[in-house]
Structure formats: structure tokens, C-alpha cells
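Notes follow once the structure below has been shown.
The values are calculated or read from the model by the stated rules, or taken from the named source; none is laboratory data. All figures in this text were calculated on a predicted structure; none of them were measured in a lab. Cβ atoms come from the backbone with ideal geometry, glycine included; neighbour counts cover every protein chain shown. Heads up: the accessible areas ignore ligands, DNA and RNA and are worked out on the full protein's heavy atoms, side chains in. Shrake-Rupley method; radii C 1.70, N 1.55, O 1.52, S 1.80 Å.
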Amino acid sequence: MTLTSVTRWDEFMEGIWRQNPLFVMVLGLCPALAVTVSAVNALSMGLATTFVLTCSCVLVSLLRKLIPKEVRIATYIVIIATFVTVVDYLIQAVSLALYDALGAFIQLIVVNCIILGRAEAHASKNPLLPTLINALGMSAGFTIGLFALGSVREILGAGTFFGIPLFGPDFQPWVVMVLPPGGFFVLGAWLLIFAAIARRKQRKLAEATQNA
Amino acid sequence: MGGRPIMSIEIRSAPHIKGTRTVEQIMRHVVWSLLPVCAFFVFQYGLSALLSLLVVTVSCLLTERFFVRQGGQSGDIGDFSAIITGLLLALSLPPGFPLWMGAVAGIVAIALGKALFGGIGFNVFNPALIGRAFVQAAFPQAIATYTPSFMPGRFYEFIPSSMTLPLMQPVSVVEWLKDRQFDALAGATPLAKWKFEGVLANADDLLTSLSGHMAVGPSPILILLCGAYLAFRRFLDWRIPAAILGSAGLTAWMLFALNDVRFPNPFFMLFSGGLILGAVYMATDMATSPVTPKGMWVYGALIGLLTVIIRYYSGLPEGVMYAILLANAATPLIEKITQPTPFGKGVLSNIGRQKKGASYPLHSGYISREDASAETPKKRFLPNKPKHPPKE
Amino acid sequence: MTSAAIPPQTTSAVAMIRTLGLIAALCGLIIVSAYQGTYDAVQENKRIAVERAVFKVIPTAKSIVEYAAAPIGTIVKVGAGGTAPNAVPEGAVKFYAGYDASGKLSGIAAEGVAKGYSDNVRILYAYDPATAMISGFGVVAMRETPGIGDKILVDKGFLASFPLQASLSADGAILSREIVTVKHGSKANPWEIDAITGATITSRAVGRAINDSAKRLLPRIVPRISELKEQP
């Protein structure tokens with residue numbers, strides 16, 4: 001299976017736009033709603049998921065001929081759990097404050113359906129390179145999604161962006177934004193915006209074909 | 001939407017006979033009946049209240065216009081319903097609520113409370129209360145900051161917190177109150193005073209809202225009069241307010257009888273806070289309350305009971321908003337269990353039929369769907385199985 | 001992405017177990033190497049976090065030593081040069097002693113936990129043995145409502161309640177006065193904490209956390225405070 005650079009790019013972009021795990025497939029909502037109270041948290045969660053997704057997809061892809069069909073899910077879970085444990089240690093080594101902020105959601109990456117879904121639907125059937133590209137695209141899409149949520153919630157909920165105050169000391173924080181309901185509100189708003197863009201694109205396309 | 005045939009034939013299910021009343025007409029009457037209440041609110045709090053009413057209503061109208069233009073919505077901007085939402089929302093907020101927060105409340109009320117569900121008639125929750133619930137969660141301190149009514153000079157100057165710059169914390173009113181020889185406690189609502197300080201206000205004073213500098217909303221008796229006009233003209237169903245007030249009064253009276261030290265007297269419960277406003281104008285919203293007469297009683301009783309329970313046993317001084325929202329959520333269920341029995345069908349036959357309801361026998365296809373060719377088995381029993389199968 | 005990529009075959013049980021075993025071994029290897037690779041950094045991070053928290057509540061401290069106070073009245077040093085952290089006697093209360101630049105005891109810090117509004121509020125409070133006062137506290141972990149519960153860190157009236165009196169009764173077995181949180185504006189005694197209006201539950205949690213921990217810890221260490229006077 002050879003891929004030209006154009007299709008590789010398409011494959012990568014698919015995870016970011018057309019198949020975005022958060023805004024299109026609406027997967028992995030648990031971390032997306034729980035840890036995105038600030039841009040830093042969201043970005044770190046995205047990077048942790050990127051690490052787990054990429055590493056486990058690569059390993060699954062490498063071992064795909066070896067794994068018997070009957071026990072494949074068990075194998076994938078073992079592989080994913082391994083990399084989740086690794087990332088858990090890594091985050092503790094980098095920053096304990098970040099570790100406390102992300103809480104149980106680092107360990108819960110193991111049940112993030114994006115990862116098992118990618119391993120099952122893509123990595124187990126494709127060689128290394130396409131798998132790597134697909135996994136990177138998906139993780140980039142997920143990270144961008146988390147970051148979009150986290151930055152809005154941090155700006156409204158705390159008046160800061162990456163910890164830098166934006167509005168001065170008199171800013172009134174929107175308490176609801178850093179509480180769980182705020183996650184739903186912001187996610188809903190982003191879904192609305194993306195749906196509106198997609199619909200507009202579709203309409204333009206339909207008009208173009210009608211005129212042609 | 002979409003191209004209509006040349007001969008416009010509207011196909012719809014029964015009933016085909018229209019009432020003489022339009023939605024717009026009903027809504028217009030509700031707005032008229034709200035005007036005296038709004039005028040009283042302005043009389044109590046002056047310029048700030050007037051501006052708050054205007055800003056909130058305008059933000060509701062603009063949001064409504066945006067969503068109606070986007071399409072996919074029922075109703076239109078001219079049906080007055082957004083004005084009602086705006087006025088009720090402003091009446092339920094403190095008069096000195098920062099205007100920018102009021103605008104946020106208005107936008108959320110229409111966008112989240114109404115447009116999301118498909119516009120007028122489709123909303124599950126009262127839009128005004130959705131807006132209020134949002135700002136209550138977002139700005140818990142600002143919404144708890146009341147100011148005393150009948151301040152001298154209220155028609156010439158604003159309450160300082162009204163004029164807060166967008167996105168900023170409300171300007172403190174403590175200094176402003178001190179200049180006018182009020183202590184910071186003068187701004188607490190009677191309910192908050194009772195809950196946190198143990199001070200009980202006189203029920204008669206609460207009924208008129210006229211005496212002293214109490215931090216209260218418009219006079220309950222005025223709201224009741226305006227509501228009575230609407231009920232008399234049959235623009236709202238009297239059962240709902242009656243059920244709410246009856247149930248709240250009864251619950252409060254029972255608790256008062258049990259322990260008159262811990263619990264305040266029932267009249268204080270009835271006339272304080274937003275109970276009367278909520279009972280007359282918010283709970284009676286036609287789209288979010290049951291249509292069956294029996295259901296209205298159940299619905300009202302639920303709101304009254306929840307209000308008193310929240311006021312007594314939760315961390316919040318006021319519970320009308322959450323009580324109505326919860327009852328709104330229960331409305332479809334209440335309607336379902338209070339369906340009147342059609343003529344000719346006794347209660348007994350009704351019960352018998354429910355027992356037989358849809359039943360799905362255990363079928364191998366349900367246990368495992370691994371097989372791609374597995375089909376969902378057909379329902380074995382029709383809900384209304386004819387006694388004698390038709391002959392072929 | 002067709003299902004034809006996996007041929008429909010049956011695998012023998014031995015092959016399955018072999019593959020699973022192989023993969024499990026591989027994963028185990030990865031985990032162990034990650035654990036080994038990050039161990040030092042993680043321990044260092046934890047130590048720095050504790051130090052930072054202690055230095056915050058005992059501003060004059062320059063170095064800290066971890067101790068455990070056993071119920072029978074002995075105080076043992078934990079960590080380097082003392083008992084291993086997992087060999088601390090049953091029922092012992094851990095605390096930290098902060099020493100200033102000249103090696104003199106400048107304060108004692110201990111952890112307290114109490115149920116707050118949404119989760120446990122874990123705090124670290126400082127006890128000053130010279131005055132028998134609780135001089136201040138810092139939050140280790142809490143999930144209180146932002147803007148309401150977290151005012152315990154900034155509210156001036158609340159923080160003005162400190163230092164709190166924490167002297168022992170005549171027989172030294174209990175606190176002479178339990179530390180309590182009182183309604184906002186009604187603090188009249190040095191052992192009372194002035195609650196924050198609107199954040200009463202969190203304020204009470206702080207009071208309870210300090211009281212519960214101090215009640216257990218102080219009777220054990222105050223009689224033996226001389227053992228801790230100098231940095232070991």
C-alpha cells in the first residue's frame with residue numbers, strides 16, 4: 001500500500017476536520033468535559049492522549065499479524081493500559097501540580113473509546129506508516145478539540161489564558177464555566193458552530209453543482 | 001420552508017376548527033397585565049429597574065430575531081413571547097443587577113431555553129427561568145446582592161452596580177449604602193434575613209411591598225390582581241397558581257404547626273421571595289405546564305412542595321426557580337399519568353389494557369446480535385389486540 | 001478498512017496464550033523501564049511539593065524534617081536517617097518540623113482533613129510551639145466551588161482569625177478549648193474562626209480539619225517539644 005504525499009496529508013487532516021473525534025464523532029467526552037477547565041490542563045490531557053494513542057496504535061500495527069482474532073480486544077487493552085501507566089509516571093515526573101489537576105482522568109485514558117476504536121478500526125488492519133499518520137491526525141484533532149474547550153472555559157471562567165490575566169483584576173469570573181455544566185455549554189456551542197460551518201459548506205457545494 | 005405548490009393546501013391532523021384566539025393575542029394580554037407590575041418595580045427601584053427591564057427585554061428580542069431569521073424556528077418576533085420572557089426575567093433579577101449580566105441572562109434565556117428546542121411552543125423549560133438559572137450558576141454573588149427599595153433619589157441616579165463595565169465585577173454598593181445611612185444588611189432579602197440571620201419580616205408588609213426599605217420584588221398583591229385579570233379572561237388557568245399557593249401554604253403550615261420556633265409562619269412563606277410571581281406568571285407558561293386539569297393540580301402541588309422544601313432544607317434562601325424548572329421537567333410524565341379516560345372506557349378496562357402493553361418475548365435475536373443477518377423480531381402482540389382476529 | 005483483513009480462522013488455545021504472554025511480557029518491560037526511569041524525578045517532585053507547602057505555612061523555616069508521633073508518646077524521625085516511611089508505627093500522626101537557618105525549631109506543620117462542600121478539604125496548618133498558637137494554614141487539595149469556597153485562601157476577615165489559640169488543658173491530654181468556626185462577625189475568643197458569609201461549609205471544614213488533627217497531635221508532641229528544639 002503506497003500513499004502519495006497528498007493522500008497522506010488527507011489522511012492526517014481527516015482526523016482534524018472530517019472525522020474529528022470530539023466534534024464529529026463525539027467520542028472521549030469524559031476527559032473533554034472534566035479536565036478542560038484551563039488551557040494548560042486541556043493541552044496536557046491532549047498530549048497525554050496523543051502519546052497513548054500513537055504508541056499503542058504503532059505497537060498494535062506492528063503486532064497485528066501476531067495477534068489472534070479471538071483475543072484481540074484483550075491484547076489492545078493490555079497495550080493501551082501499558083502506555084497509560086507510562087504516561088502516568090511521566091506526568092508525575094514532569095509536574096505534580098499538573099498530575100493533581102488532571103486527577104483520575106489520566107488513568108481513565110485507558111477507557112477512552114477513541115484509542116480502542118482506532119486500534120480496532122485502523123491500526124489492526126494497516127501497516128505502520130498509514131497507522132502512524134492516522135493516529136497522529138486523530139490525536140491532533142482531539143488535542144485541538146480539548147484546547148478549544150479549555151481556552152474558552154479558562155477565558156470566561158477565570159479571565160486568564162495560560163494563566164495570564166486578560167481583563168485585569170476586576171474581571172468577574174463566570175463560575176459556571178469551570179463547573180461541569182460549563183463544559184456542556186461550551187461543547188454544545190462549539191458543536192453548533194461546527195455544524196453551522198458544515199451546513200454552509202454543503203449548501204455552497206449544492207449551489208455550485210446546480211449552477212454547473 | 002421550501003417550495004409550495006401553486007394551490008396552497010395545508011394538510012394537518014385534527015382538530016380543524018380553530019379557536020378565535022391567536023398566540024399573539026394571548027401573549028399581548030400577558031404583556032399588558034405585566035405592565036402594572038413592571039411600573040411598580042420601577043416605582044420601587046427607580047432608574048436602575050427601568051434600565052434593567054429595557055436591557056434584558058431588548059437582549060431577548062435581539063436573540064429571538066437572530067434565531068428566527070436563521071430559520072428552523074417556529075413563531076416569529078412579533079408574537080410578544082420574547083417580551084414576556086424579558087420582562088419576567090428582569091423582574092426576577094435584583095434591580096441593581098449589572099446590566100451586562102442581565103444581557104447575558106436574556107441571550108441565554110432565548111438561545112438555550114427556547115431556540116434550542118425549536119422555538120415557541122417546543123420549549124421544555126420556562127425560558128426566563130433558564131436564563132436566571134444560568135446567571136445564578138455563573139454569578140452567584142451578583143444575583144444575591146439586593147438593594148433596599150424606595151431609596152431617596154432613585155429616579156435621578158442609578159444603583160452603582162447597574163453600571164458595571166461588561167465582564168467586570170459588580171461595583172460594590174456598600175459605600176453607596178453607607179452614604180445613605182444604610183448598613184450592608186439592608187440589602188438582604190427578607191428570605192435571606194430569615195435564613196441567615198433569623199429575622200422574620202411581617203407578612204402584611206410583604207404583601208404590599210410598600211413599607212420601609214425592604215429589598216423585595218413587586219408587591220404580591222398587585223401580581224395577584226394582574227393574574228386574576230388574566231385568569232378571569234381565561235388567558236391563564238387558575239388551577240396552577242391555586243395549586244402552587246395551596247400546596248406551599250399547606251406544607252409551610254404543617255411544618256409551622258410542628259415546630260413554630262424553627263419554621264416561619266406560612267404567610268411569610270407565601271408572600272416572600274418570588275413565589276407569587278413564579279406561581280402566577282412563570283409556572284403558568286402554556287408550553288411547559290400540563291394541559292390536563294388533573295395534571296395542573298399535580299404540577300402545582302409539586303412546585304409548592306418543592307419550593308418550601310428547598311427554602312427550608314437547602315443552602316439557598318430561594319427555591320421557586322428550581323422548583324418550577326423541576327416541575328417543568330416532570331410535565332410530560334404528569335400529562336401521561338393524568339390522561340382522562342375516553343368516554344365509554346371505564347377505569348378498570350384502562351388498567352387491564354396497560355397490563356397487556358407491549359411485551360417482547362425472549363427471542364434468540366435479542367441475546368446475541370453478532371450475526372449480521374440477525375433481524376429485530378416483530379412485536380408479537382399489538383397493544384390493542386382485536387379479540388377476534390379478522391378472517392382472511 | 002474491510003473485515004477481510006483478518007482472515008476467519010480459528011487459533012489454537014496454545015497460540016493464544018503464547019501471544020498474550022508475549023505481549024504481557026513486552027508491556028511489563030515497558031512499564032518497569034518507565035517506572036525506573038521516572039522514579040527519581042517523581043520522588044524529587046513529591047519532596048519539593050511537601051517542602052513548598054511547609055515553607056508556605058512556616059515562613060521562617062529553611063529546612064524541614066518529617067516526624068511521626070506514636071500514640072505511646074515517642075516521636076520518631078521518618079525518611080533519611082530515621083525510620084522508613086512504611087515502618088512508621090500503627091496510629092502514628094505524621095508531622096513536619098521546620099527549622100530556621102541556625103537550626104532552631106521555627107514551627108510544626110501537620111495535615112488535617114475534613115469534608116467540605118464538594119469533597120474533602122485537605123489543609124496543612126502550622127503550629128507555633130513558642131506561643132501555643134496555630135499561626136496559619138495552606139490548602140493541600142480541595143475541590144470547593146471556585147469563587148465561593150476557595151475564598152478561604154483570600155478572605156481577609158477569615159484569615160484575620162489566625163493565629164488561633166491551641167493551648168492544652170492542665171493535664172495535657174486534650175485541647176483546653178476546641179477550635180470552632182463561628183458565624184461571620186461573631187468571633188469573640190482566640191480559639192474561634194470567623195466564617196465567611198456564603199462559604200460557611202468550607203470555613204467550617206477548615207476549622208474541623210485543624211481541630212481534629214490538633215486534638216490528636218498536640219497532646220503527643222507538646223510534652224516532648226524539647227526533643228525537637230534542635231535540628232537533628
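Here are some residues: B:ALA242, B:ALA215. Which one is part of a loop (DSSP other than H, G, I, E, B) and farther than 15 Å from B:VAL30 by Cβ?
B:ALA215
Given the conditions (1) in a helix (DSSP H, G or I); (2) surrounded by fewer than 21 Cβ atoms within 10 Å (Cβ to Cβ); (3) not aromatic (Phe, Trp, Tyr), which single one is not true for A:ILE109?
Failed condition: (2).
To keep it simple, each residue is scored yes or no on (1) surrounded by 15 or more Cβ atoms within 10 Å (Cβ to Cβ); (2) of a type outside the set (Gly, Ala, Ser); (3) within 10 Å of another protein chain (Cβ to nearest Cβ).
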position: A:ASP170; (1), (2), (3): no, yes, yes
position: A:PRO173; (1), (2), (3): yes, yes, yes
position: A:PHE184; (1), (2), (3): no, yes, no
position: A:ALA198; (1), (2), (3): no, no, no
position: A:ARG203; (1), (2), (3): no, yes, no
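Out of all the residues in segment B:49-58, is one or more within 17 Å of B:SER219 (Cα to Cα) and free of Cβ contacts under 8 Å to residues at least 12 places away in the same chain?
Checked segment B:49-58: at least one residue is within 17 Å of B:SER219 (Cα to Cα) and free of Cβ contacts under 8 Å to residues at least 12 places away in the same chain.
If only one of C:ASP171, C:ASP119, C:ASP212 is within 14 Å of chain A (Cβ to nearest Cβ) and charged (D, E, K, R), which one is it?
On inspection, the qualifying residue turns out to be C:ASP119.
Among (1) in contact (Cβ under 8 Å) with a residue 40 or more places away in the chain; (2) within 14 Å of chain A (Cβ to nearest Cβ), which single condition is B:VAL173 missing?
(2)
Quick check, is C:SER102 without any contact (Cβ under 8 Å) to a residue 12 or more places away in the chain and open to solvent by 30 Å² or more (accessible area, probe 1.4 Å)?
yes
I need the helices (runs of 4 or more DSSP H) fully contained in segment B:59-159, keeping only those with at least 1 residues that are farther than 30 Å from B:ASP183 by Cβ.
It comes to B:81-92, B:99-113, B:127-138.
Any residue in segment B:242-257 that is at pLDDT 90 or above sitting within a Cβ distance under 6 Å of a residue that is open to solvent by 20 Å² or more (accessible area, probe 1.4 Å)? List the pairs, counting only those 6 or more apart or interchain.
B:ALA243/B:TRP297; B:ALA243/B:ALA301; B:SER247/B:ALA301; B:SER247/B:LEU305; B:GLY249/B:LEU270; B:THR251/B:LEU305; B:PHE256/B:ASN265
Tell me, please, whether a residue that is surrounded by fewer than 23 Cβ atoms within 10 Å (Cβ to Cβ) and either in contact with a Cys (Cβ under 6 Å, 6 or more places away or on another chain) or at pLDDT below 90 (or both) can be found in segment A:78-85.
Yes, there is a match, as at least one residue in segment A:78-85 is surrounded by fewer than 23 Cβ atoms within 10 Å (Cβ to Cβ) and either in contact with a Cys (Cβ under 6 Å, 6 or more places away or on another chain) or at pLDDT below 90 (or both).
Before we move on, is C:THR197 within 14 Å of chain B (Cβ to nearest Cβ), open to solvent by less than 60 Å² (accessible area, probe 1.4 Å) and within 21 Å of B:PHE196 (Cα to Cα)?
Considered against the rule, which asks whether it is within 14 Å of chain B (Cβ to nearest Cβ), open to solvent by less than 60 Å² (accessible area, probe 1.4 Å) and within 21 Å of B:PHE196 (Cα to Cα), C:THR197 comes out as no.
Residue by residue, here is whether (1) touching a helix residue (DSSP H, G or I) at 6+ places or on another chain (Cβ under 6 Å); (2) more than 8 Å from chain C (Cβ to nearest Cβ); (3) basic (Lys, Arg) holds:
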| site | (1), (2), (3) |
| --- | --- |
| A:CYS57 | yes, yes, no |
| A:VAL71 | yes, no, no |
| A:ILE80 | yes, yes, no |
| A:ALA104 | no, yes, no |
| A:GLN107 | no, yes, no |
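Condition first: more than 14 Å from chain C (Cβ to nearest Cβ) and either free of Cβ contacts under 8 Å to residues at least 60 places away in the same chain or buried (at least 19 other Cβ atoms within 10 Å of the Cβ) (or both). Now tell me which residues in segment A:115-131 satisfy that.
Within segment A:115-131, A:ILE115, A:LEU116 qualify.
If B:ALA128 satisfies all but one of (1) within 14 Å of chain A (Cβ to nearest Cβ); (2) open to solvent by less than 40 Å² (accessible area, probe 1.4 Å), what's the number of the condition it fails?
It is condition (1) that B:ALA128 fails.
Scan segment B:184-205 and tell me whether some residue there is more than 14 Å from every other protein chain (Cβ to nearest Cβ), loosely packed, with under 15 Cβ neighbours inside 10 Å and part of a loop (DSSP other than H, G, I, E, B).
yes
Regarding segment A:158-165, can at least one residue be identified that is open to solvent by 40 Å² or more (accessible area, probe 1.4 Å), within 20 Å of the chain's Cα centre (by Cα) and within 25 Å of A:ILE115 (Cα to Cα)?
no
Determine if segment A:22-38 includes at least one residue that is under 30 Å from C:TYR39 (Cβ atoms), part of a helix (DSSP H, G or I) and either aliphatic (A, V, I, L, M) or open to solvent by less than 60 Å² (accessible area, probe 1.4 Å) (or both).
Scanning segment A:22-38 turns up at least one residue that is under 30 Å from C:TYR39 (Cβ atoms), part of a helix (DSSP H, G or I) and either aliphatic (A, V, I, L, M) or open to solvent by less than 60 Å² (accessible area, probe 1.4 Å) (or both).
Answer yes if at least one residue in segment B:305-319 is part of a helix (DSSP H, G or I) and over 18 Å from B:LEU191 (Cα atoms), and no otherwise.
no
If you go through segment C:42-81 one residue at a time, how many are within 14 Å of chain A (Cβ to nearest Cβ), among the β-branched types (Val, Ile, Thr) and surrounded by 14 or more Cβ atoms within 10 Å (Cβ to Cβ)?
2
Every residue in segment C:200-232 that is open to solvent by less than 70 Å² (accessible area, probe 1.4 Å) and more than 26 Å from C:ALA130 (Cβ to Cβ), please.
If the condition is that a residue be open to solvent by less than 70 Å² (accessible area, probe 1.4 Å) and more than 26 Å from C:ALA130 (Cβ to Cβ), then C:THR200, C:THR202, C:SER203, C:ALA205 are the ones that fit.
Checking the condition open to solvent by less than 50 Å² (accessible area, probe 1.4 Å), within 24 Å of C:ALA34 (Cβ to Cβ) and free of Cβ contacts under 8 Å to residues at least 24 places away in the same chain, which residue from A:LEU102, A:LEU53, A:LEU66, A:LEU96 passes?
A:LEU96
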